[in-house]
Amino acid sequence: MASSPPKILSLISIIFTIFTSMVSSVITTPNNNNTTITIPLSPLLFTNKKHNNNNNNNPNPSLDPYQSLKLHAYASITRAHHLKHHKAKKGLSPSIIKTLVHPKSYGGYSIDLKFGTPPQTLSFILDTGSSLVWLPCSSHYLCSKCNLDDTTKISTFIPKKSSTSKLIGCKSPKCAWIFGGNIGCQNCQGKQSNCSQVCPAYTIQYGLGSTAGFLLSENLNFPKKIVPNFLVGCSILSAYQPAGIVGLGRGPESLPRQMNLKKFSYCLLSHHFDDSRETSNLVLHGSAAAGKTIGVSYTPFDKNPAGENTAFETYYYIPIRKVIVGEKHVKIPANLLEPDSAGNGGSIVDSGTTFTFMEKPIFDAVAREIENQVKLTRNRVVEKRLGLSPCFTVVANNKTSSFPSLTLQFRGGAKMTLPLANYFSFDGAKSDVACFTIVSDEGFGETSSAARGPAIILGNYQQQNFYVEYDLENEKFGFRRQNCKSSG
């Protein structure tokens, strides 16, 4: 997961002397904390006013609908390639905590968390496809290509303003969470307990984006709960990442693992691709769950691949076994639906991906069946413009009745039947074009190769208005249809 490209680290080393003056001590002690919590969640938006569409007929003048869809299609494919091909380099509290979830037109969802003493509040993108929690850090934070008019307005964490900020030491077990047990601590020879050398700088890739910085131990603050000695990344340089990320994956550095959560759940509001002020909740459960949640369908998580690529260990593998279009069961090669020992095939769920990605053989079979059942004219001009397909020209009074249902069936029989708005987007001057919002390599000049990594990545667009539960104690994935506006 972490690597250290020379160009990035050369810049970090210049800033490091300034940075270390902000944090007075090094911590080497690990921490395990048991808790459960609920937090506000909302969609995430970052726009550049220079590229705004000022058409007064557009209800959301900050983004052209076509450009927005194209951006999210491209970003979803890029994210999918990162997740599929990513290689890791490693050598007495309340029972429920809630936090609000904010949907944004950036294509993701964000929550606010408070770090430090006294607390400093920052926004974090919700990401089940990665594990490190990191934040924009220091008054010297640099953000390249962040699509903002003024990057100095990005909220950053200032370690020198917190009395509990401590650098992670090179010999700390938490340093090994990121870099593995064979990390070289050259200045620590013969100093197993009192070494002052800090953990090396990290760099992390997120498809289009990346970030780099140093590891801190800090207090994570909730209204009725403080989690001390929480490992958090203090990023001082990023690209395409204007907000921090809260990693909810399976890695030891993730928020669920550090808080020893039994389960967590969220409900994602509909994407309007605007700066919506509506929120839902991310719920963190630290105590043992009292049975199944009412109305939720469950399926067991697939086991993570045990191959050489440890990057796959952070994902949540879900056992999609069938894709059903209308009443038709789409024929999909079995080897694509179940992960092998090397991590090829299978499905993962990723809140950081916007549009669901399908390996080309799966996508082609599904798209072909949709086209067979939709008796409308293909709009190939829009397809070429957006990189989405198939797209259809629709009749104003006959939108919803023209399209078949789409269902994902899981091992054990659980079925996730998607609402139409979760797999078709209606766009154009009068919403007269409908485009399929599941993507593959086709459309952006990418060439598809044999299956490598997960074959299906279930994105957040397809999870809209679903209550989604990660039962970590019982290793189950749960979901139910729900109006997320009323989830709080």
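The values are calculated or read from the model by the stated rules, or taken from the named source; none is laboratory data. Quick caveat: nothing in here was measured; it's all calculated off a predicted structure. Note: ideal-geometry Cβ built from the backbone for every residue, glycine included; neighbour counts use all protein chains shown. These accessible areas exclude ligands, DNA and RNA; they are computed on the full protein's heavy atoms, side chains included. Shrake-Rupley method; radii C 1.70, N 1.55, O 1.52, S 1.80 Å.
Before moving on, here are some points about what is shown:
- Once all protein chains are placed together, Arg321 keeps about 50 Å² accessible to a 1.4 angstrom probe.
- Cα-based shape type of the range 157-281, given that a ≥ b ≥ c are square roots of the gyration tensor eigenvalues and the cut on a/c is 1.5: prolate
- When you count the other C-beta atoms within 10 angstrom of each residue and take the mean per peptide, 253-266, 369-382 line up highest first as 253-266, 369-382.
- The range 299-414, accessible surface, carbon-and-sulfur percent (1.4 angstrom probe): 49 percent
- Accessible carbon and sulfur surface of the range 108-234 relative to its total accessible area, %, 1.4 Å: 48 percent
- Looking at the range 231-379, the accessible area is 36 square angstrom per residue; that uses a 1.4 Å probe and ignores ligands, DNA and RNA.
- Going by accessible surface with a 1.4 Å probe and the largest first, Leu208, Leu220 read Leu208, Leu220.
- Solvent-accessible surface of protein heavy atoms, probed at 1.4 angstrom with all chains present, puts Ser287, Ser238, Ser139 in the order Ser139, Ser287, Ser238, largest first.
- Along the axis of the charge dipole computed for the range 270-388 (Cβ charges of +1 for Lys and Arg, -1 for Asp and Glu, origin at the Cα centre), the listed residues Thr310, Gly352, Ile324 are led at the positive end by Ile324.
- Overall, the anisotropy analysis places the range 198-242 in the oblate class: the square-rooted eigenvalues a ≥ b ≥ c of its C-alpha gyration tensor yield a/c not less than 1.5, with a/b not exceeding b/c.
- For the range 115-265, share of DSSP beta bridges that run antiparallel, in % to the nearest 5: 70 percent
- Rounded to the nearest 10 Å², the accessible area of Lys322 at probe 1.4 Å: 90 Å²
- Stokes-Einstein diffusion for the range 213-264 at 20 °C, viscosity 1.002 mPa s, with a Kirkwood radius from C-alpha pairs, works out to 174 µm²/s.
- Area of Lys145 that stays accessible when all protein chains are in place (1.4 Å probe, Å², to 10): 130 Å²
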